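Trainee: The structure under discussion is supplied below as structure tokens; questions concerning it will follow.
The values are calculated or read from the model by the stated rules, or taken from the named source; none is laboratory data. Just so you know, these numbers come straight off a predicted model, no measurement behind them. Virtual Cβ from ideal backbone geometry, glycine too; neighbours counted across all protein chains shown. Just the protein is used for accessible areas: all its heavy atoms, side chains included, with ligands, DNA and RNA removed. Shrake-Rupley method; radii C 1.70, N 1.55, O 1.52, S 1.80 Å.
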Amino acid sequence: MIQQRKMKRLLSRSALLLTAASFLTLPLATSAFAGKEGVFLSDSVYFTLDKVSLSVGAEDGSLRFSLGLNNHSNAIVDFNNYGVKVIDANGITYTAKLNEKVVARVKAGETGTFKFTSEIPNNLTPSDLKVDIFQWNTNSLSEIGALSVESAMVEAGQTLEQQAVINLKEIDTALAEEVLVTAKLGNSYKVYKDGAWMVYTDLTLANESSSSVKLPEGLELNFQDSKGLTYSAQFVGNVGSLLPEQPVTVKLQAAVPASLDANKLSLLFSPKGKVKTTVLGTLNTAKTFAVGRIGAKAAYPNIEANDDLNGLVISTSWASAVQQSDGLHVQANVTLTNEGEGIITIPNLTAEFQANRGNVGVTSSDNAVRTSYLSPNESTTFRFQGVVPASLSAEALQLVVLEKQAAAASTTTQTGTGGTGNTGNTDTTKQVSALPVAITSLAGAGVASEATSYAAAQAYTIGDAFKLTTSNGFDSNMDMSLVELGMSVNSDFGYKTIVGKYKLTNKGTTTLTLPDFQTDLTNEDGYTYTGVRQTNVAKSIAPNTSYVLNYSYMVPDSEDADKLALNLYDTSRLAVGSFKTEVQPVPTTGPISVYPFTINFDDYTLSTTYSKDGSYGYRLRLDLDVERQAQVITDANFSSLLFEVVDTEGRLLSSKAMTFTGQQKILSGVQFLEFTNVRSEQITSNSVFYIYEVIATPNGEAKRLIRTITP
């Protein structure tokens, strides 16, 4: 009897409107109704279970459902004659509360919908639960039947979710009725930002009532760690009104200590100032701190609450970490791909390289010009770079990708006084915040002794066009390839010189600016040699023409250069490609290549000369066949040939330069080269002639040995 009174009081508090006498029917329970489970009162009146949502928090659970009273009879049915409770597999019952005011009397030919919430333990599953329907009698309850929670969820395609159900009336007693708001976690991020460690969490809020509502000021949110310490959380920006059945995703932020273990963190909902005594809901955030791997794809966060991003996929598609003298140089490419069916607006992304532990964070932006939209199956790549302390390794670093979001503009108006005629001015300031959307571990990006850029470089054949990643420094109509790579020994100075020739071809219909790219070579052991560009180059290249640029690399005498990675960068030092290559051997016979020319020494003879001033010399007679391999522009900036006479001791006796343009132009046919000012004692039949290609660089002349002539 006491239990019966309590349940009657519960239903009266749930605000069913009693407007007429009850219409009674004989109870008839069944579970077979046209493929949908039902509890029948008669052949034409029955209950059904819809919109079931089972939410599990960190400490409790909640079952929300709609009970439909389907009246296909010719008379009114009054729901006040019936009650509802939730029963688990062990027979334990849980109170079901009505969520809103409704009319209890269901007219003939109509269906009445009654929304309930039941607080349950968080260890119950859908298969454990049933919604039990009973009839009020004078002094007792009569069981009518029960509906399966699992069956209703399976039919609707719903799954168990971690949600907190917050009754706002428990915070704001001025509300006329109970208002339920559900809170569901998205991704969480631990970020070192602006000199402090912050936790950010995506939170999706849904208003379960039938009218708009604002979150009361008395609602407080806190993160709590395993020690019971709490950290106040605030919404980023204004949440605004929550519309019925319109989920809104917001971000929470909280300052936390660097030592915080994110795997043992919970989010608590409580009345303001009462987190230690009253908790209205709890969510476990441990599994929401997802850190991705290089190359792994993930759905862009919160697309379920933002149809404009539906189908957008994000990945850190490539990363590099190389130790240099000023620190660890890190780079990463972040690719967005539209795998949906509609056009997507590209988010404005920035990034930060942060250490897993310790207060290190380096921001980076990609200012490349790109379109604002992605069509289906299209991709765009953001490129980020930074320099972190040399003591860090790739395993100790994470890439945090952030999305820039413009906040509302604030306006200040100043008005003139004293009749001076001032019309006033308006100062409008728009603040921009950057909020995290993805975190990737840079483990495996590669640092010298761990994984060099040679191991990650693409296979390449000299002469093929480079397959470069998109960059605003390279026009899509510009093809670039490596056409020659040779090495010479500088025995006098104890180092070797590698010279690389790059051909650039304008495939377009308009003149293009010659790109000012950067390049270096990395050997298999991770040693990197920076390229130096030739001193003078053309500024532009005409349509349907090619131009050759030379870069020289100073390498130690011990370098074999048989396994090299050629790394290319744009003007912002962003990597655009890495290719395996090796130096080409110097041919001892046959034609030699000085791209775009091929020179064949058909014949040569050597004789000595004597001048009236008493000096001696050599005369070298060359019979040359010079052919142009390709239509490549050669101007005054093009390389030249240098002929050197060296004695048996390796001493330079004399030299002579020839060019591919101008008065000393190399031509097909017989040509004579005079080597003067050689002393008589230096004249010997064992002298050697070295022929070099010479390139002028800011660091001096770079020479590439192309042929040795021994008379």
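Trainee: Could you tell me whether any residue of segment 197-207 is in contact (Cβ under 8 Å) with a residue 12 or more places away in the chain and over 27 Å from the mean Cα position of the chain (by Cα)? Let's see the steps before the verdict.
Mentor: As a first pass, look at segment 197-207 and keep what is in contact (Cβ under 8 Å) with a residue 12 or more places away in the chain: 197-207.
Of the ones still in play, those that are also over 27 Å from the mean Cα position of the chain (by Cα) are 206-207.
Yes, because at least one residue in segment 197-207 is in contact (Cβ under 8 Å) with a residue 12 or more places away in the chain and over 27 Å from the mean Cα position of the chain (by Cα).
Trainee: Still on this structure: When you look at Leu402, is it touching a Ser or Thr at 6+ places or on another chain (Cβ under 8 Å), modelled with pLDDT of 85 or more, open to solvent by less than 20 Å² (accessible area, probe 1.4 Å) and under 16 Å from Tyr300 (Cβ atoms), yes or no? Walk me through it before giving the result.
Mentor: Values: touching a Ser or Thr at 6+ places or on another chain (Cβ under 8 Å): yes; modelled with pLDDT of 85 or more: yes; open to solvent by less than 20 Å² (accessible area, probe 1.4 Å): yes; under 16 Å from Tyr300 (Cβ atoms): yes.
Judged against the criteria, Leu402 is a match.
Trainee: Can you tell me which residue within segment 42-52, out of those that are surrounded by fewer than 21 Cβ atoms within 10 Å (Cβ to Cβ) and within 50 Å of the chain's Cα centre (by Cα), is nearest to Asn74 (Cα to Cα)?
Mentor: Top of the filtered list is Thr48.
Trainee: Just one of the numbered conditions (1) more than 20 Å from Tyr231 (Cα to Cα); (2) surrounded by fewer than 16 Cβ atoms within 10 Å (Cβ to Cβ) is not true of Gln162; which one?
Mentor: Exception for Gln162: condition (2).
Trainee: If I ask for residues that are modelled with pLDDT under 90, among the small types (Gly, Ala, Ser) and within 20 Å of Gln163 (Cα to Cα), which ones from segment 227-240 would you list?
Mentor: Matches in segment 227-240: none.
Trainee: While we're on this one: Quick check, is Gln246 in a loop (DSSP other than H, G, I, E, B) and open to solvent by 20 Å² or more (accessible area, probe 1.4 Å)? Walk me through it before giving the result.
Mentor: Numbers: in a loop (DSSP other than H, G, I, E, B): yes; open to solvent by 20 Å² or more (accessible area, probe 1.4 Å): yes.
Yes; evaluated as a whole, the condition is true for this residue.
Trainee: Does segment 463-522 hold any residues that are touching a residue at least 24 places away in the same chain (Cβ under 8 Å), assigned to a loop (DSSP other than H, G, I, E, B) and among the polar types (S, T, N, Q), and which are they?
Mentor: Those that are touching a residue at least 24 places away in the same chain (Cβ under 8 Å), assigned to a loop (DSSP other than H, G, I, E, B) and among the polar types (S, T, N, Q): Thr469, Thr470, Ser471, Asn472, Asn477, Ser491, Thr509, Thr510, Thr511.
Trainee: Could you pull out the residue among Ile294, Ile343 that is closer than 23 Å to Val191 by Cα, open to solvent by 40 Å² or more (accessible area, probe 1.4 Å) and β-branched (Val, Ile, Thr)? Full working, then the answer.
Mentor: Numbers: Ile343 fails: closer than 23 Å to Val191 by Cα.
Only one candidate passes the filter, namely Ile294.
Trainee: Something else about it: Could you identify the single residue in Lys85, Lys101 that is farther than 19 Å from Val45 by Cα, open to solvent by 10 Å² or more (accessible area, probe 1.4 Å), in contact with a helix residue (DSSP H, G or I) (Cβ under 9 Å, 6 or more places away or on another chain) and of a type in the set (D, E, K, R)?
Mentor: Lys85
Trainee: Return the only residue of Gly486, Gly500, Gly508, Gly526 being of a type in the set (Gly, Ala, Ser) and closer than 18 Å to Gly577 by Cβ. Full working, then the answer.
Mentor: Working: Gly486 fails: closer than 18 Å to Gly577 by Cβ; Gly508 fails: closer than 18 Å to Gly577 by Cβ; Gly526 fails: closer than 18 Å to Gly577 by Cβ.
When all the criteria are applied, what remains is Gly500.
Trainee: Residue under question is Asn284, and the condition is that it be on the phi > 0 side of the Ramachandran plot and either aromatic (Phe, Trp, Tyr) or in contact (Cβ under 8 Å) with a residue 12 or more places away in the chain (or both); does it hold?
Mentor: On the way: on the phi > 0 side of the Ramachandran plot: no; either aromatic (Phe, Trp, Tyr) or in contact (Cβ under 8 Å) with a residue 12 or more places away in the chain (or both): yes.
Criteria not met by Asn284.
Trainee: Quick one: Ala321 ticks every box in (1) open to solvent by less than 40 Å² (accessible area, probe 1.4 Å); (2) under 29 Å from Ser62 (Cβ atoms); (3) of a type in the set (Gly, Ala, Ser) bar one, so which box is it?
Mentor: Unmet for Ala321, out of (1) open to solvent by less than 40 Å² (accessible area, probe 1.4 Å); (2) under 29 Å from Ser62 (Cβ atoms); (3) of a type in the set (Gly, Ala, Ser): (2).
Trainee: Can you spot a residue in segment 637-657 that is β-branched (Val, Ile, Thr), within 52 Å of the chain's Cα centre (by Cα) and open to solvent by 30 Å² or more (accessible area, probe 1.4 Å)?
Mentor: Checked against the condition, which is being β-branched (Val, Ile, Thr), within 52 Å of the chain's Cα centre (by Cα) and open to solvent by 30 Å² or more (accessible area, probe 1.4 Å), segment 637-657 yields no hits at all.
Trainee: Another question, if that's okay. For Val256, work out the one condition from (1) open to solvent by less than 30 Å² (accessible area, probe 1.4 Å); (2) aliphatic (A, V, I, L, M); (3) in contact with a Ser or Thr (Cβ under 8 Å, 6 or more places away or on another chain) it doesn't fulfil.
Mentor: Every listed condition holds for Val256 apart from (3).
Trainee: I've got another one for you. Report whether or not Leu566 is open to solvent by less than 60 Å² (accessible area, probe 1.4 Å), of a type in the set (A, V, I, L, M) and at pLDDT below 90. Can you show your working first?
Mentor: On the way: open to solvent by less than 60 Å² (accessible area, probe 1.4 Å): yes; of a type in the set (A, V, I, L, M): yes; at pLDDT below 90: no.
No: the conditions fail for Leu566.
Trainee: Looking at (1) closer than 24 Å to Leu280 by Cβ; (2) part of a loop (DSSP other than H, G, I, E, B); (3) of a type in the set (A, V, I, L, M), which is the one condition that is false for Ala164?
Mentor: It fails just one condition, (2).
Trainee: Only one residue in Glu178, Glu150 is of a type in the set (Asp, Glu), crowded, with 20+ Cβ neighbours inside 10 Å and not in a strand (DSSP E or B). Which one? Show your work before the answer.
Mentor: Working: Glu150 fails: crowded, with 20+ Cβ neighbours inside 10 Å.
Result: Glu178 is the single residue among Glu178, Glu150 that is of a type in the set (Asp, Glu), crowded, with 20+ Cβ neighbours inside 10 Å and not in a strand (DSSP E or B).
Trainee: Can you pull out the residues in segment 576-617 that are assigned to a loop (DSSP other than H, G, I, E, B), open to solvent by less than 50 Å² (accessible area, probe 1.4 Å) and at pLDDT below 85?
Mentor: As a first pass, look at segment 576-617 and keep what is assigned to a loop (DSSP other than H, G, I, E, B): 582-591, 595-596, 611-615.
Narrowing the set further to residues that are open to solvent by less than 50 Å² (accessible area, probe 1.4 Å) leaves 583, 590, 595-596, 611, 614-615.
The answer is Ser611, Gly614, Ser615.
Trainee: Moving to a separate point now. Among the residues of segment 212-228, are any under 26 Å from Leu124 (Cα atoms), of a type in the set (Val, Ile, Thr) and surrounded by 17 or more Cβ atoms within 10 Å (Cβ to Cβ)?
Mentor: no
Trainee: Ok, one more. State the number of residues belonging to segment 184-210 that are open to solvent by 20 Å² or more (accessible area, probe 1.4 Å) and not in a strand (DSSP E or B).
Mentor: Number satisfying all stated conditions: 4.
Trainee: Sticking with this one: Restricting attention to segment 319-346, and to residues there that are outside any strand (DSSP E or B) and β-branched (Val, Ile, Thr), which single residue is nearest to the chain's Cα centre (by Cα)? Spell out the reasoning first.
Mentor: Taking segment 319-346 first, the residues outside any strand (DSSP E or B) are 325-326, 339-343, 346.
Imposing the further condition that a residue be β-branched (Val, Ile, Thr) reduces the set to 343, 346.
On the way: Ile343: 19, Ile346: 12 Å.
Result: Ile346.
Trainee: Further question: For segment 141-162, enumerate the residues that are under 36 Å from the mean Cα position of the chain (by Cα) and modelled with pLDDT of 80 or more. Show your work before the answer.
Mentor: Of all residues in segment 141-162, those under 36 Å from the mean Cα position of the chain (by Cα) come to 153-154, 156-162.
Residues satisfying the conditions are Met153, Val154.
Matching residues to (1) open to solvent by 40 Å² or more (accessible area, probe 1.4 Å); (2) within 19 Å of Leu485 (Cβ to Cβ); (3) among the small types (Gly, Ala, Ser):
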| position | (1), (2), (3) |
| --- | --- |
| Gln664 | yes, no, no |
| Ser668 | yes, no, yes |
| Glu674 | yes, no, no |
| Asn677 | yes, no, no |
| Thr684 | yes, no, no |
| Val688 | no, no, no |
| Ala702 | no, yes, yes |
| Thr710 | yes, no, no |
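Conditions (1) touching a residue at least 60 places away in the same chain (Cβ under 8 Å); (2) of a type outside the set (A, V, I, L, M), marked per residue:
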| residue | (1), (2) |
| --- | --- |
| Thr588 | yes, yes |
| Tyr604 | yes, yes |
| Thr608 | yes, yes |
| Tyr616 | yes, yes |
| Ala630 | yes, no |
| Asp647 | no, yes |
| Glu674 | yes, yes |
| Asn677 | yes, yes |
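Trainee: Would you pick out the residues in segment 516-541 that are more than 29 Å from Pro556 (Cα to Cα) and surrounded by fewer than 20 Cβ atoms within 10 Å (Cβ to Cβ)? Lay out the reasoning, then the answer.
Mentor: Restricting attention to segment 516-541, the residues satisfying the condition of being more than 29 Å from Pro556 (Cα to Cα) are 538-541.
Within segment 516-541, Ala538, Lys539, Ser540 qualify.
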